[in-house]
């Protein structure tokens, strides 16, 4: 029987290890390619989770409102709701909602502002509610500008104050518009510094290396804005982590505020008394 030398055994073991490493690298590379392709295909569905409504759908709210449509230059329609205040209006709030649902959900939030004497105009992004078309980052920015321009030509008189309010995904939209509309106040609820920065810590190892089609760089927009900025964020936000929002803090000016709600999560800040107290103070200053 032929004896196998120690050197031959080492060479054999080395070749086995090398082959296993090659297979592992091939599997890792294939997995990365599959994840990248899947992420690219599903990215829009992950980011833009709008729910469409039939054109005949009738909105129902416990406060006065008007429904309007804006035609876009490329042949689509943007659906909007204008909520009226029962007080002499102090100004107008342009409200840009989060990445889910439609105005039937978000319209309920208008009461938080109309009770302070502000009228509220909310738009549904393309593909949300009755708005037609498909959303993407640049389209959201362009449509927000259309809404702002519509107010200048279609409201009975210019608002005494223009306030931009963004929530979650809408914080990037509101921040971008603030660079052009020059509002008196920009309020951001649960913002992120940029879309990639909104990844929760335990998903960063995977998503941080995947290519994003969108940036939504709120930090870049704030750096170009000279209006007063107020930020609301909760410590228990698992969607846009506090760490992401805190990266916006160095961009704030002396008159700006970063208001933290202990134990506040991503979708429940309005359930906290602290939120309403501070919001009232900000809107009535």
Above 13 Å lies some portion of the pair distances; for segment 75-135, what is it as a whole percent of all C-alpha pairs? 58 percent
Going fewest to most other Cβ atoms within 10 Å around each Cβ, 86, 246 line up as 86, 246
Ranked on Cβ counts within 10 Å of their own Cβ, fewest leading, 283, 251 go 251, 283
Order by protection proxy (mean Cβ within 10 Å, highest first), peptides 117-130, 225-238, 134-147: 117-130, 225-238, 134-147
Along each principal axis, Cα extent of segment 51-283, largest first, Å: 48, 38, 31
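Each reported figure results from applying straightforward, stated rules to the coordinates on display, with no laboratory input. Please read all numbers here as calculations on a predicted model, not as lab measurements. No Cβ is skipped: glycine too gets one built from the backbone with ideal geometry, and neighbour counts run over all protein chains shown.
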